[in-house]
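Here's the structure we're looking at; comments come further down.
The values are calculated or read from the model by the stated rules, or taken from the named source; none is laboratory data. Small disclaimer: the values here were computed from a predicted structure and weren't measured. For neighbour counting, all protein chains shown are included, and Cβ atoms are generated from backbone atoms with ideal geometry for every residue, glycine included. SASA here: full protein model, heavy atoms, side chains in, ligands and nucleic acids out. Shrake-Rupley method; radii C 1.70, N 1.55, O 1.52, S 1.80 Å.
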Amino acid sequence: MADVKVKNLTKRFGKVIAVNKVSFDVKDKEFVVLLGPSGSGKTTTLRLIAGLERPDEGEIYIGGRLVNNIPPRERDVAMVFQNYALYPHMTVFDNLAFPLQVRKMPKKYIKAKVEEVAKLLKIEDLLDRRPSQLSGGQQQRVALGRALVREPKVFLMDEPLSNLDAKLRVYMRAELKRLQKELGITTIYVTHDQVEAMTMADRIVVFHKGKIQQIGTPSDLYKKPQNIFVAGFIGSPAMNFFDATLTYKDDFIVLDAGEFKLKLPKTFSSILRDKAGLEVVLGIRPEHIKIYKEPRASTVKCRVYVVEPLGGEMIINFSLGGKIYKARYPGEISLKPDETIYIEIPVKHIHIFNKKDGKAII
Amino acid sequence: MKLNLTPYFFILPALILIIIFVLYPISATISLSFLSPEGYFVGFDNYIRVLSRREVINYDGILKGYFPMGAIVHNAIWILIHLPLSTLLGLVLAVLLQNVKGSSIIKSIIFLGMVTPLIVGGIIIRFTFDREVGVVNMFLKAIGLGHLVRTWTMYPDTALFSLILGSVWLWTGFSLILYSAGLAMIPKEYYEAAKIDGASSMQIFFRITLPLLKPVTTTVVTMTLLWELKIFDIVYVATYGGPGGASNVLALLMYFLAFRSLDFNASSVIATLLTALTLIVAIVMFKYVVRK
Ligand SMILES: Nc1ncnc2c1ncn2[C@@H]1O[C@H](COP(=O)(O)OP(=O)(O)OP(=O)(O)O)[C@@H](O)[C@H]1O
Ligand SMILES: [Mg+2]
């Protein structure tokens, strides 16, 4: 068991800066997810930690030891690859035994250990099959088993669930999380699926264009995104954004979004003082928008674009000022396209970002 | 039930060609090996006659350790030395050159041996081992073994080995190219997974790379075996089977029997034996490939 520390890590491929001055800590026994869109440098970061790539700058510590110049085999990490990389010419047993065999462990110990892990992952019956004779889910378990069998200091996983069908993915998500907690192995998990990240992680590191955008617990990221990117990336459906300007009116601060104006409470004034005229972006999550069929005080009139029923709840797409936004409606409501509705944006749930640098103001 | 003949018309042209140019010559040769020169059936008489000739198997030479030992033995020695050497050399070079920049140039040069006509290859071998201009002798002089200098292909005890070594050079390109292609087909994740699993380079080679190259090895070994059995041109131009038959091989002996001794029946015996041997190799390989 060990903690992992990454300091100022930078990796370039020619002109591309795949990983740009990345620093984060993973505590012992912690489950940390590296989350980001395609090409944001998650895999590269993981491969740097595993020792499959050499950093151009920065340091990597595993269990307090600087491992920059230590080959993968001596880092005592285990990795689960996206396509599992099971050795096709070996049986499941040999695949599981391989990490122990190359370390010249006694045969008896290997057999016992492999059987123990196989039982844990419920693959005892598959031990003499080849990888090609297994289903995707079974292969995934074998790959997991191969990583587990050695009891490594750190678990590295690169989108291990992305090749499974939706149902199995949801099932394995929970299994994996339970297993990690049960075994208490420090885990760094890469995914571009924010639902996966939110449900599994102790903490999430959000990547974008090789840079870390924010580090925090799932609830931190959801409630207090530090910039527009994180706000838009976390949550499904994504947060709605409106361009707006900060204005003053009779001692109140008012957000002028063109189609509507939002009067902000006094509590915000200390933060927003001297910011009159600032171009900002107003963010509000779909689940926080209230929808009414009749106008009320401080509602905004808009038109239904399309309705997506999810059974139990609905995603209502509405158009306002020529753009489409989404709201989540708990329960059921009968709405037709082009019907007029009235939305309310509760001030306590809004986010305000500086339009220039995307940083959160509130 | 009416037999549908249409498909057979489509394969008819190819079938006719195969019958005229492949099946007929083979069956004619085989039947010739069981006939006397006058055309009477003589059973295995020709086989007994040919196999007891000292050009084919020279028991005295085998027992006392001098050449010629007989063409069959020479072919066997050829296989024993050339097969492991050219296969291994190709594999080792392919692995070494795998991630080297500009390795394709080196590979192309080695592969030149493959694309050179064997007649030319044979002449090059002759010069390579020549006393005056040969690179082998220059090398020997350079490392202080000048007293060994001679035209290696002209002595019974070294002629065959010279040819075999020369043919290793000609043929290594084959296994090199096949192994290079095979290596390129192995996804790099297997190596990475093995590295993280804790395997050393040696363990990775023997437990991952080599097993995954097994289909390539099968192909290389089979094709090499067939080539060695049929070897002819190099020997013909470099030594003409000499001196005194010391580097003679089955295919060349077959040629001599037919066109020097004009003993077509004896020549057919050798041809039949060669066909049988190559067929065995081909069938074993075919079975292996089909099973995969
Ligand atoms: N071996 C390489 N050679 C050149 N460029 C590379 C290499 N590996 C990654 N890159 C580049 O580095 C950047 C980050 O890639 P990386 O694989 O880390 O992204 P990722 O976040 O894992 O994306 P995905 O979700 O698609 O897997 C990309 O622009 C990619 O094109
Ligand atoms: Mg990736």
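Remarks
- The lone exception for A:Ile341 - which of (1) open to solvent by 80 Å² or more (accessible area, probe 1.4 Å); (2) over 29 Å from the mean Cα position of the chain (by Cα); (3) modelled with pLDDT of 90 or more it fails: (1)
- Scanning segment A:235-258 for residues that are of a type outside the set (Gly, Ala, Ser) and more than 33 Å from the chain's Cα centre (by Cα) yields a count of 8.
Yes/no matrix, rows are residues, columns are (1) within 22 Å of B:Pro187 (Cα to Cα); (2) among the small types (Gly, Ala, Ser); (3) open to solvent by 60 Å² or more (accessible area, probe 1.4 Å):
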site: A:Met90; (1), (2), (3): yes, no, no
site: A:Lys107; (1), (2), (3): no, no, yes
site: A:Arg129; (1), (2), (3): yes, no, yes
site: A:Glu159; (1), (2), (3): yes, no, no
site: A:Lys167; (1), (2), (3): no, no, yes
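- Listed by first and then second residue, the pairs linking a residue in segment A:34-57 that is more than 11 Å from chain B (Cβ to nearest Cβ) and over 14 Å from A:Val205 (Cβ atoms) to a residue that is of a type outside the set (Ser, Thr, Tyr) and near ligand 2 (Cβ under 9 Å from one of its atoms), with Cβ atoms under 8 Å apart and 6 or more places separating them unless they lie on different chains, are A:Ser38/A:His192.
- Checked against (1) within 14 Å of another protein chain (Cβ to nearest Cβ); (2) out of contact with any Phe, Trp or Tyr (no Cβ under 8 Å at 6 or more places or on another chain); (3) among the β-branched types (Val, Ile, Thr), B:Val237 passes all but a single condition, namely (1).
- Boolean, A:Tyr61 is more than 16 Å from ligand 1 (Cβ to nearest atom) and under 14 Å from A:Pro131 (Cβ atoms): no
- The residues in segment B:223-237 that are open to solvent by less than 10 Å² (accessible area, probe 1.4 Å) and more than 9 Å from the chain's Cα centre (by Cα) can be counted, and the count is 2.
- As a summary of the residue check, A:Arg73 satisfies the conditions (1) more than 8 Å from every other protein chain (Cβ to nearest Cβ); (2) open to solvent by 30 Å² or more (accessible area, probe 1.4 Å) except for the one numbered (1).
- The set of residues in segment A:30-70 being buried (at least 16 other Cβ atoms within 10 Å of the Cβ), polar (S, T, N, Q) and either part of a strand (DSSP E or B) or near ligand 2 (Cβ under 9 Å from one of its atoms) (or both) consists of A:Ser40, A:Thr43, A:Thr44.
- Of B:Leu83, B:Leu93, B:Leu23, B:Leu112, all but one fail to be open to solvent by 80 Å² or more (accessible area, probe 1.4 Å), assigned to a helix (DSSP H, G or I) and touching a residue at least 12 places away in the same chain (Cβ under 8 Å); the exception is B:Leu112.
- Check on A:Arg203, more than 16 Å from ligand 1 (Cβ to nearest atom), closer than 20 Å to A:Ile49 by Cβ, of a type outside the set (A, V, I, L, M) and within 13 Å of the chain's Cα centre (by Cα): yes
- Looking only at segment A:131-147, and only at residues there that are of a type in the set (Gly, Ala, Ser) and in contact with a Pro (Cβ under 9 Å, 6 or more places away or on another chain), the one that is most open to solvent (accessible area, probe 1.4 Å): A:Ser132
- Of everything in segment B:56-71 that is surrounded by fewer than 19 Cβ atoms within 10 Å (Cβ to Cβ) and not aliphatic (A, V, I, L, M), the residue that is farthest from B:Tyr255 (Cα to Cα) is B:Lys64.
- Only one entry in A:Lys11, A:Lys15 is without any contact (Cβ under 8 Å) to a residue 40 or more places away in the chain and within 16 Å of ligand 1 (Cβ to nearest atom), namely A:Lys15.
- If you check A:Leu96, A:Leu86 for being touching a residue at least 40 places away in the same chain (Cβ under 8 Å), within 14 Å of chain B (Cβ to nearest Cβ) and not in a loop (DSSP other than H, G, I, E, B), only one passes: A:Leu96.
- Residue check for A:Ile188: open to solvent by less than 50 Å² (accessible area, probe 1.4 Å), closer than 22 Å to A:Glu344 by Cα and of a type in the set (A, V, I, L, M, F, W, C): no
- Taking segment B:115-145 as the range and being more than 24 Å from B:Phe174 (Cα to Cα), open to solvent by less than 40 Å² (accessible area, probe 1.4 Å) and assigned to a helix (DSSP H, G or I) as the test, the residues that pass are B:Asn137, B:Leu140.
- One residue from B:Ser167, B:Ser180 being more than 9 Å from every other protein chain (Cβ to nearest Cβ), within 30 Å of A:Val80 (Cα to Cα), of a type outside the set (Asp, Glu) and under 24 Å from the mean Cα position of the chain (by Cα): B:Ser180
Residues checked against (1) crowded, with 18+ Cβ neighbours inside 10 Å; (2) within 16 Å of ligand 1 (Cβ to nearest atom); (3) of a type outside the set (Lys, Arg):
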site: A:Val149; (1), (2), (3): yes, no, yes
site: A:Lys153; (1), (2), (3): yes, no, no
site: A:Tyr171; (1), (2), (3): no, no, yes
site: A:Arg178; (1), (2), (3): no, no, no
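- Pick from segment A:99-121, criterion out of contact with any helix residue (DSSP H, G or I) (no Cβ under 7 Å at 6 or more places or on another chain) and in a loop (DSSP other than H, G, I, E, B), ranking: nearest to the other protein chains (Cβ to nearest Cβ): A:Arg103
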